[in-house]
Amino acid sequence: MDWSGFNSSFDWLVRTNWRDVNAHVSYPLPRRLLRLWLAFVQQRRNAILDFEGKLRTFWQLRLPPNPNIVQFGAEAGWEAALVQALYGNRGRALLIDSDPMAYQRFLTAPQHVRVRAPKGSGRRWIDVFRDPARFEYSREDFFRMEPSETFDVGLDWGLIEHFDDQGKQSLIALFRRFLKTEGIQVSSCPRDRISVRLFYAAFSEELNFGYRELMKLHELAAHIRRAGCHITSQHRLAAHNVVAYRFA
């Protein structure tokens, strides 16, 4: 997987207005129109970053206050910041990503967004602060790391789909080493549905830099169960499947 190519291109796609997504390409008219339409829809719904959907999911998990968080393949660290916005930021937050372009995204992404609060939270809006000074960013290969402590919450968003079946099992085993006995891991992958497949096909040059496996929710859950984990909840967002689980 060319992680630097992916992170650089993904960042371009997130930052580029939908009207300009064809500025650098000379595809046939049908594909250019499809790219324009898909980019417009995803930007209108914020389907790629989907802060509202992620907040709704994290709110339903009922995590402990001020959790210690580790995020694998962290990129800009938005998911850890969202958990902190809901549950408090006085715990440790370790972001792990060895790719230099991922770290650049961490440094240059916006430091504040205001997101509509989940129903039942008692708030209308939630301010999410992604201050780089509040996170410890480890630019290492997480497979080679030995955790110096264990965490309440583990996060991997858009990571597990880049590994084959054996690799997925190795990855889940890695997560176990970083979590407390009662800790919870949250894994997400792109949904295997027509709209998501169309998006990855239309933007193949921007997004396809190696192995990726779109999955249905039950397929992601099956990989996790195969690793001997206990699933606590499953969720579907517009473009993502999410499974929360503990280790037996």
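The values are calculated or read from the model by the stated rules, or taken from the named source; none is laboratory data. These numbers were taken from a predicted model, which means no experiment stands behind them. As a convention, Cβ positions derive from the backbone with ideal geometry for all residues, glycine included, and neighbour counts pool all protein chains shown. Heavy atoms of the whole protein, side chains included, go into the accessibility calculation; ligands, DNA and RNA do not. Shrake-Rupley method; radii C 1.70, N 1.55, O 1.52, S 1.80 Å.
Once the Cβ-Cβ distance between GLN169 and HIS24 is put in as r, and R0 is 30 Å, what FRET efficiency do you end up with, to the nearest 0.05?
Details: r = 39 Å, r/R0 = 1.30.
That gives a FRET efficiency of 0.15.
Write down the accessible area per residue of segment 49-110 in Å², having rolled a 1.4 Å probe over the full set of protein chains.
With all protein chains present, segment 49-110 gives 33 Å² per residue.
Packing-wise, with mean Cβ within 10 Å as the measure, how do 8-19, 148-159 rank, highest first?
Ranked from most to least packed, the peptides come out as 148-159, 8-19.
Can you list the lysines whose alpha carbon is less than 20 Å from that of LYS168, not counting same-chain residues fewer than 8 positions off?
Correct list for LYS168: LYS216.
To the nearest 0.05, how large is the calculated FRET efficiency for ASN46 and ALA248 if R₀ is 22 Å and r is the Cβ-Cβ distance? Intermediate values should be presented prior to the final figure.
On the way: r = 36 Å, r/R0 = 1.63.
That pair, ASN46 with ALA248, gives E of 0.05.
How much accessible surface area, in Å² rounded to 10, belongs to the heavy atoms of GLU75 with a 1.4 Å probe?
The accessible area of GLU75 comes to roughly 40 Å².
Under 5 Å between amide hydrogens, which residues at least 5 positions from ARG191 or on another chain qualify, with H placed 1.01 Å from N in the peptide plane?
Long-range HN contacts for ARG191: HIS240, ASN241.
Starting from 0.36 nm per residue, how many nanometres of slack lie between ARG90 and GLN234 once their C-alpha separation is accounted for?
Extra length available between ARG90 and GLN234 comes to 49.1 nm.
Where both residues lie in the chain, what percent of DSSP beta bridges are antiparallel, nearest 5?
Counting DSSP beta bridges with both partners in the chain, the antiparallel share is about 50 percent.
Please calculate the 1.4 Å probe accessible area of ASP127, with all protein chains present, and give it to the nearest 10 Å².
50 Å²
In what sequence, largest accessible area first, do ARG134, ARG124 appear using a 1.4 Å probe?
From most accessible down to least: ARG124, ARG134.
Amide H of ILE184: which non-local residues (sequence gap of 5 or more, or other chain) have their own amide H closer than 5 Å, using H built in the peptide plane?
The list, which skips near neighbours in sequence, is VAL153, GLY154.
For ALA222 and PHE143, calculate 0.36 nm times their separation in residues minus their Cα-Cα distance, and state this gained length in nm to one decimal. Let's see the in-between values first.
Values: separation 79, 0.36 × 79 = 28.44 nm, distance 2.25 nm.
Once the chain is fully extended between ALA222 and PHE143, it gains 26.2 nm.
Can you tell me what percent of all Cα-Cα pairs in the chain are more than 30 Å apart? Don't skip to the answer; put the middle values down first.
On the way: 7123 of 30628 pairs.
Counting every Cα pair in the chain, those more than 30 Å apart make up 23 percent.
Rounded to the nearest percent, how much of the accessible area of the chain (1.4 Å probe, protein heavy atoms only) is carbon and sulfur?
With neighbouring chains kept in place, the figure for the chain is 50 percent.
Which one of GLY5, TRP78, ALA93 is farthest out on the positive end of the charge dipole of segment 1-95, using unit charges on Cβ (Lys, Arg +1; Asp, Glu -1) and the Cα centre as origin?
The residue sitting farthest along the positive end of the dipole is TRP78.
Per residue, how much accessible area does segment 122-248 have with a 1.4 Å probe, in Å²? Before the final figure, lay out the partial values.
Details: 6000 Å² over 127 residues.
For segment 122-248, the solvent-accessible area averages 47 Å² per residue.
Do the sum for the chain: with -39,500 (n - 2.57) for every DSSP H run of n ≥ 4, divided by all residues, what is the mean residue ellipticity at 222 nm, to the nearest 500 deg cm²/dmol?
-11500 deg cm²/dmol
So how much slack lies between GLU182 and GLU136, counting 0.36 nm per residue of separation and subtracting their Cα-Cα distance, in nm?
Between GLU182 and GLU136, full extension yields an extra 14.3 nm.
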